[in-house]
């Protein structure tokens, strides 16, 4: 359970916060002063602090500075009245995660709380690399294949620099973990790390979220607001899914990279910022440039260093390690003993192509653990989890699918340059028609009906595959 510390001298507000946040599933501790709040932080670090700026004794600003000295990666949300907004902005520039104005809107406040806790988790939790599954932390990049060794080297080389990094790879390959690993091994590791998903935020809000705004910049802008890029001063901003960023905002990101400055919406002056940009995408940026959806100048600015994350199908030798890692991790998180996995189930996992990459493998392991209730994971469990179908008394179709996958993989890895696709289609079609004829005793009319074909079409296919079916047809004819 995530714990939130409320530091405020208003007993009624503390009571309201405790009730509201407890109903949202958070653990809540309260302190009536800065001094009392600091004692709590020294004894047991919370996941988030919500701090009022007006306190008896030590001021809110002084309390924030002390918190930042004790735990620089502990997110702090500042509460302030309209009259002290400038103080809150200054504190934000110094490292506070965000600020909320009294009286606050509850949904907006809960949204900020959720984002702050997530940001704190990103900053504090270590992403391990090249670890053995049983020694890895809850979040780790697993794999000892050659392509993964190259990835670790790339992270190690780029992390200590301030170069802009573009992380590329298919969905589910772990681009965010790589971005966090770069941040944690960088010279900015003590600064903020803020994640902006360029798809998750509506286009109308993304610009103000990134760059902030001045009072009166648009309808509803009742006060000045600092954007995420300004909040991350002396830290790192991770722009996820940048390939989907609206074209108009791309120009402002380009200016940030070129001039190290931004403008809030509605402002006339530029604000210098010191941030490192790490971006990621699963899009074909080159096509985006040629089609006019992505700025060419931004594309070249972003790809100062490009890191490619291989899809899971290109490193099948890492799958056994990933299986052990996810079994250990998720059994621990669910409070159950690691049930283990059969060799047959492991073989299925290793032969599956994983279009959703590591994320899909992770979800599959987690799903089987939840529904398996402590028994060793079997081939049937994996088959059911991969297919997404409900359990049935006759899982043969699922098993057949897995057999076909194994056969296809064996052909793909042993082919010698033949027209593999047509050859495999012909072979499967031949087997299917042969079995239909076998079931019907060679009766072509009934076989055609089983196959959903017209009799003339079936006859032409029998002629096409005559060498393969000659024996079956003769045998079936002799029986009838």
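The values are calculated or read from the model by the stated rules, or taken from the named source; none is laboratory data. These numbers were taken from a predicted model, which means no experiment stands behind them. Using ideal geometry, Cβ is built from the backbone for each residue, glycine included, and neighbour counts are taken over all protein chains shown.
Brief remarks on what is shown
- Residue count, region 1-15 (criterion: under 18 Å from residue 114 (Cβ atoms) and either in contact with a strand residue (DSSP E or B) (Cβ under 6 Å, 6 or more places away or on another chain) or surrounded by fewer than 17 Cβ atoms within 10 Å (Cβ to Cβ) (or both)): 5
- Residue in region 336-344 that is assigned to a helix (DSSP H, G or I) and without any contact (Cβ under 8 Å) to a residue 24 or more places away in the chain present: yes
- Qualifying residue in region 46-68 (condition: free of Cβ contacts under 8 Å to residues at least 12 places away in the same chain, in the same structural domain as residue 102 (by TED's automatic domain parsing) and either part of a loop (DSSP other than H, G, I, E, B) or out of contact with any helix residue (DSSP H, G or I) (no Cβ under 6 Å at 6 or more places or on another chain) (or both)): no
- The selection criterion, being farther than 25 Å from residue 123 by Cβ, assigned by TED's automatic domain parsing to the domain that holds residue 196 and touching a residue at least 40 places away in the same chain (Cβ under 8 Å), holds for residue 251.
- Looking only at region 184-215, residues that are within 18 Å of residue 72 (Cα to Cα) and in contact with a helix residue (DSSP H, G or I) (Cβ under 8 Å, 6 or more places away or on another chain) come to 6 in all.
- Region 210-248 - residue that is under 15 Å from residue 275 (Cα atoms) and free of Cβ contacts under 8 Å to residues at least 40 places away in the same chain and, of those, farthest from the chain's Cα centre (by Cα): 227
- Members of region 287-313 that are loosely packed, with under 13 Cβ neighbours inside 10 Å and within 23 Å of the chain's Cα centre (by Cα): none
- A single entry from 131, 186 fulfils the requirement of being in a loop (DSSP other than H, G, I, E, B), crowded, with 20+ Cβ neighbours inside 10 Å and in contact with a strand residue (DSSP E or B) (Cβ under 8 Å, 6 or more places away or on another chain): 186.
Yes/no per residue for (1) modelled with pLDDT under 90; (2) in a helix (DSSP H, G or I); (3) surrounded by 15 or more Cβ atoms within 10 Å (Cβ to Cβ); (4) not assigned by TED's automatic domain parsing to the domain that holds residue 65:
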| residue | (1), (2), (3), (4) |
| --- | --- |
| 96 | yes, no, yes, no |
| 100 | yes, no, yes, no |
| 103 | yes, no, no, no |
| 114 | no, yes, no, no |
| 117 | no, yes, yes, no |
| 120 | no, yes, yes, no |
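- Pair list, Cβ < 8 Å and 6+ apart or interchain, from region 110-135 residues that are within 18 Å of residue 183 (Cβ to Cβ) to residues that are modelled with pLDDT of 85 or more and surrounded by fewer than 17 Cβ atoms within 10 Å (Cβ to Cβ): 129/152; 130/144; 130/149; 130/152
To keep it simple, each residue is scored yes or no on (1) closer than 30 Å to residue 340 by Cβ; (2) assigned by TED's automatic domain parsing to the domain that holds residue 348; (3) at pLDDT 80 or above; (4) under 38 Å from the mean Cα position of the chain (by Cα).
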{"residue": "368", "(1), (2), (3), (4)": "yes, yes, yes, yes"}
{"residue": "374", "(1), (2), (3), (4)": "yes, yes, no, yes"}
{"residue": "402", "(1), (2), (3), (4)": "yes, yes, no, yes"}
{"residue": "441", "(1), (2), (3), (4)": "no, no, no, no"}
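- Subset of region 139-179 (residues that are assigned to a helix (DSSP H, G or I) and surrounded by 15 or more Cβ atoms within 10 Å (Cβ to Cβ)): 147, 148, 151, 152, 154, 155, 158, 175, 176, 177, 178, 179
- Check on residue 89, assigned to a loop (DSSP other than H, G, I, E, B), surrounded by fewer than 22 Cβ atoms within 10 Å (Cβ to Cβ) and in contact (Cβ under 8 Å) with a residue 24 or more places away in the chain: no
- Boolean, residue 21 is out of contact with any strand residue (DSSP E or B) (no Cβ under 7 Å at 6 or more places or on another chain), part of a helix (DSSP H, G or I) and buried (at least 17 other Cβ atoms within 10 Å of the Cβ): no
- Residue count for region 258-278 satisfying the condition of being assigned to a strand (DSSP E or B) and under 15 Å from residue 232 (Cα atoms): 8.
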